[in-house]
1. Pop a pseudo-label 7 angstrom from the Cα along the beta-carbon direction at both S239 and K100 and give the gap in nm to one decimal.
2. Taking the Cβ of each residue in M300, M90 as the centre, tally the other Cβ atoms inside 10 Å and list the residues starting with the fewest.
3. Do the alpha carbons of any pairs in K246/K291; K243/K291; K171/K291; K100/K291; K190/K291 sit beyond 31 Å of each other, and which pairs?
4. Using 7 Å Cα-to-Cβ label points, what is the E195/R92 separation (nm, one decimal)?
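We did not get these values from a lab; they are worked out from the coordinates using the rules stated. Quick caveat: nothing in here was measured; it's all calculated off a predicted structure. Using ideal geometry, Cβ is built from the backbone for each residue, glycine included, and neighbour counts are taken over all protein chains shown.
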Amino acid sequence: MRFSHCLTSVLLSSSLCSPFVLADDKIPVIASFSILGDLVQQVGGEHVTVSTLVSPNGDAHVYQPTPQDTIRLTKSQLFVVNGLGFEGWMERLVSASHYKGKVITASAGIHVLAFGDEEQNQPDDADEHHDEADEHQHGSQNPHAWHSIPNTIQYVRNIADGLSQIDPAHKADYQTNAGNYIQQLEQLDKSLLQEFAAIPAEKRKMITSHDAFGYLSARYQITTIAPQGVSTESEASASDIAKIIKQIRKENIKALFVENISDPRLMQQISKETSVKPGQPLFSDALSDDKGPAPTYLEMMRYNTAQILAALKQ
């Protein structure tokens, strides 16, 4: 494949360059995607320089590593990944680059949801909802664990521990930064628990374009229906779409959302058939850029939940 053919020549040419030196001795860290990149920055603060492989508004499901990404990875001391099969390309990239730095799996230690656990959130009789492509990419584990704030708190602790291991001189700073950030996360989670609980359970139902919000739904007791599978590459069947349209009409569901990384045409079709107007796009697998409404994890969670709450209250 093109990646493999280009890799050897790029690595050979890079070996002739002068050694990589980072100003102010900051720790070079690469995160697999933008949400993790922000968490690393919150913990690392002034002691790290963070870059991400999948950029804001990018889709990690369809991402393909480049030879330039391999060079970037070889120059980093820490590679932070989500795990749970989310980065299907990660092992190939690490192997191809002969990466010798430390890899931290941010999701280590969380309670993982299996897709089978979320069957109650699927349209009636949607037994074929998770197709073979979804199972091949992610297996039975739902990788989108960061949409539960308690899980993200564990992410933050894992990142702090990883940075402390490679840079013990600044361990106290990393732990302090993590503690301060966790306090902000806990405050937001407490507030959201109260806001969602105030909405009657029968009204806590929403439609999203793919299976990214299972953890958020479980945390705040929302019934979520997704016509696409976990991967944005999968396509919903005509029968699944028809069942969802029927369910929207039957249960008078008013909350309809597409994600920032998804093709909006499917949800536009459902909207046309049901006369339910989609809300503003939610941010699922990527942050917005700096000019958007969700350039950080905290802002993403505040924005997403504000949109969902407004729709559920209709």
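1. 5.6
2. Details: M300 25, M90 21.
Least crowded to most crowded, the residues run M90, M300.
3. Details: K246/K291 38 Å; K243/K291 38 Å; K171/K291 33 Å; K100/K291 36 Å; K190/K291 28 Å.
Cα-Cα > 31 Å for K246/K291; K243/K291; K171/K291; K100/K291; rest within.
4. So the two model labels end up 4.0 nm from each other.
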